[in-house]
Amino acid sequence: MTVSQTICLCLVAVASAYDLRTRRIPQVLTLGGAPAGLLLHLALGGWNAGLASATGWAIGIAIFFLPFALGGLGAGDVKLLGAIGAWLGPMNAVWVGLYAGAAGGLLAIFVALTKGYLFQAVGNVGVMLAYWRLNGVKPLPEITLEHSRGPRLAYALPILAGTMVTLWLK
């Protein structure tokens with residue numbers, strides 16, 4: 001693993017530990033991690049590496065922005081994927097986002113099963129799809145993170161899994 005990959009993996013592991021404990025990701029890891037990745041790439045690889053890092057940040061933000069805007073993810077999760085993109089680059093940000101989505105789905109099913117929430121969760125998906133069909137794609141307040149009474153996921157954990165799989169398959 002490269003220095004950049006090692007630093008990124010450590011950053012995501014620390015973010016996961018905080019998210020598991022507090023359901024929050026500290027700003028220093030997300031808003032501090034992205035510029036640190038950009039500066040490292042600029043220093044070691046010049047303008048082209050810096051541009052790739054900035055593009056990775058933007059793509060990471062873009063991937064999780066819609067779920068955030070619809071109330072399904074927290075801002076820390078979005079910023080964390082942006083920081084990962086700044087460290088690993090644009091294509092790896094895409095792969096981390098995809099693998100994190102798959103891991104998040106599995107985690108959601110596991111948590112719903114263990115908390116006795118599976119039927120409610122499946123019903124919520126049906127209600128959300130019907131709401132979107134009638135009203136367009138916009139947040140349904142009753143099932144957003146802010147208002148839902150269902151179990152909350154520490155989504156940095158699936159992001160860590162996505163990062164690990166991306167680095168492993170690289």
**Request:** For helix 33-69, report the angle its Cα long axis makes with the longest principal axis of the Cα atoms of the chain; keep it between 0 and 90° and round to the nearest 10°.
**Result:** 10 degrees
**Request:** Would you mind telling me the share, in percent, of accessible area of the range 18-170 contributed by carbon and sulfur at probe 1.4 angstrom?
**Result:** 70 percent
**Asked** Once the range 11-53 is represented by equal point scatterers at the alpha-carbon sites, with solvent omitted, what log10 I(q)/I(0) does the Debye formula produce at q = 0.15, 0.26, 0.27 Å⁻¹?
**Response** -0.44, -0.78, -0.81
**Complete:** Averaged per residue, the 1.4 Å probe accessible area of the range 32-135, protein heavy atoms only, in Å², is roughly 53 Å²
**Protection-proxy order for peptides 51-63, 106-118, 73-85, 13-25, each taking the mean of Cβ atoms within 10 Å per residue, highest first** = 73-85, 51-63, 13-25, 106-118
**Message:** Could you compute how fast the range 1-116 diffuses translationally, taking Rh as the Kirkwood radius over C-alpha pairs and applying Stokes-Einstein at 10 °C with viscosity 1.306 mPa s? Give it in µm² per second.
**Reply:** 110 µm²/s
**Request:** Please quote Rg/Rh for the range 98-170 to two decimal places, taking the Kirkwood radius as Rh and restricting both calculations to Cα atoms.
**Result:** 1.05
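The values are calculated or read from the model by the stated rules, or taken from the named source; none is laboratory data. Since we're looking at a predicted model, the values are computed, not measured. Positions of Cβ are generated from backbone atoms using ideal geometry, with glycine treated the same way; all protein chains shown enter the neighbour counts. Side chains are part of the model used for accessible areas, which takes the heavy atoms of the whole protein and leaves out ligands, DNA and RNA. Shrake-Rupley method; radii C 1.70, N 1.55, O 1.52, S 1.80 Å.
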